[in-house]
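K.L.:
The following block contains the structure, expressed as structure tokens.
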Amino acid sequence: QVQLVESGGGLVQPGGSLRLSCAASERIVGIYLMGWYRQAPGKQRDLVATISGGGARNYADSVKGRFTISGENAKTTVHLQMNSLKPEDTAVYYCSLQVGKMNYWGKGTPVTVSA
């Protein structure tokens, strides 16, 4: 069972930046997709950004131009650089790893954007 360990959440003021990281407990070889989803209180879990093992990136419209996802294949690690944060970015951020038909989730790291 692959474990995903997230780090980097916290409290930040509007306009500030945070960097989230997620590392898999074992190296994944082959085709896979890693990414970040978020869930605000009372809302469904939504896509933030994904990156494939080949480096293809996908972003939600709400974060384009502000967030950047990057990966380290050798370590099966993914990072999310979040800039120009807004109060509406407040949510629990979950790391996701898809390998074939298997989908793994981290436990989530909270991000609060507030003055």
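Values quoted throughout were computed directly from the atomic coordinates according to the rules given, and no laboratory measurement underlies them. On a predicted model such as this, the values are computed, not experimentally measured, just so you know. A quick note on method: Cβ atoms are made from the backbone with ideal geometry, for glycine too, and the neighbour counts reach across all protein chains shown.
K.L.:
Could you list, ordered by first residue, the pairs with Cβ atoms under 9 Å in which the first is in region 57-76 and touching a residue at least 40 places away in the same chain (Cβ under 8 Å) and the second is surrounded by 13 or more Cβ atoms within 10 Å (Cβ to Cβ) and in a strand (DSSP E or B), at least 6 apart or interchain?
P.N.:
75/23; 75/24; 76/23; 76/24; 76/34; 76/97
K.L.:
Then there's this: Considering each residue of region 88-115, count those that are among the polar types (S, T, N, Q) and free of Cβ contacts under 8 Å to residues at least 24 places away in the same chain, and give that number.
P.N.:
1
K.L.:
OK, next. State whether one or more residues within region 16-23 are assigned to a loop (DSSP other than H, G, I, E, B) and either surrounded by fewer than 19 Cβ atoms within 10 Å (Cβ to Cβ) or not aliphatic (A, V, I, L, M) (or both).
P.N.:
yes
K.L.:
Sticking with this one: Return the residues of region 29-48 that are among the aliphatic types (A, V, I, L, M), touching a strand residue (DSSP E or B) at 6+ places or on another chain (Cβ under 6 Å) and more than 13 Å from residue 89 (Cα to Cα); say none if nothing qualifies.
P.N.:
33, 34 - these are the residues of region 29-48 that are among the aliphatic types (A, V, I, L, M), touching a strand residue (DSSP E or B) at 6+ places or on another chain (Cβ under 6 Å) and more than 13 Å from residue 89 (Cα to Cα).
K.L.:
Shifting gears a bit: Which residues, counting only those in region 53-89, are of a type in the set (Ser, Thr, Tyr) and touching a Phe, Trp or Tyr at 6+ places or on another chain (Cβ under 7 Å)?
P.N.:
Hit for region 53-89 is 59, nothing else.
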